[in-house]
Amino acid sequence: MNIPTGIFRAFENVGDGYGMLMAILGGDDAGGGVTWAPEVINDAKDFGLLLGDNGVLYDTKKGELLPEHIAPMQLLTDEELKNFPKVTTEVFMSNFFVSASDLSHHSKDTPLKVIGDNGLLKDKPGFEVDFISNETFVDEMHSPSQYEVNMVMRGEWTLEWDGNSTRISAGDTCLIRPDLSYKMTPIGIDEASLFKVTKTNDPAGSTWRE
């Protein structure tokens, strides 16, 4: 998913097993905080959670209280809520979502550009995302000019660099600094895949559309 900037969103694990989300934010500044929808703030109170105007959650069930100099976060007014964009399900699924099956379908002989100027999801948020599998990985050392982050989705991988090596498993993340020569190779014959995030020189900002 490439979630458009400025919209309210929430996530729920609707399955029976363990679930994990990895979020990627553009640029070196996450934006200075999160804007909370009024219903989220109100619902949080039912669980003993208070949101301060400093953006920090306080758990009253653990005996935490708002500091004297911190006030509760004010709810957005109806007029303020009108300034937030609304994206229909149809628009979101057509422009900001790609399924795991789509990734496998489009990924044939080379790594697949998922997010980028020429990606399946077209955006320039200050980084690009590639999908790499055991069928499309490049078995040679690579020295990036920008920071890269590899997030393993499935399987086991070997990370090699500077005469060293380590094992990377599903759910693991590794940061690669610029000019470090390295490669990642899947272990065994089982299905393996990962997402590679590469920093770009595009400034972080609002979701880019053609």
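Values in this text are rule-based calculations from the coordinates and carry no lab data. These figures come from a predicted structure and were not determined experimentally. No Cβ is skipped: glycine too gets one built from the backbone with ideal geometry, and neighbour counts run over all protein chains shown.
The table for this structure:
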{"item": "Which listed residue is closer than 12 Å to Leu194 by Cα and surrounded by 15 or more Cβ atoms within 10 Å (Cβ to Cβ), from Phe127, Phe131", "result": "Phe131"}
{"item": "Total residues in the range 101-140, condition of a type in the set (Lys, Arg) and over 20 Å from Ala23 (Cβ atoms)", "result": "1"}
{"item": "The range 158-180 - residue that is part of a loop (DSSP other than H, G, I, E, B) and either on the phi > 0 side of the Ramachandran plot or in contact (Cβ under 8 Å) with a residue 40 or more places away in the chain (or both) and, of those, surrounded by the most Cβ atoms within 10 Å (Cβ to Cβ)", "result": "Gly171"}
{"item": "The one condition in (1) under 26 Å from Gly6 (Cβ atoms); (2) without any contact (Cβ under 8 Å) to a residue 24 or more places away in the chain; (3) out of contact with any strand residue (DSSP E or B) (no Cβ under 8 Å at 6 or more places or on another chain) that Ser206 fails to fulfil", "result": "(2)"}
{"item": "Single condition Gly155 does not satisfy, out of (1) surrounded by 14 or more Cβ atoms within 10 Å (Cβ to Cβ); (2) on the phi < 0 side of the Ramachandran plot; (3) not acidic (Asp, Glu)", "result": "(2)"}
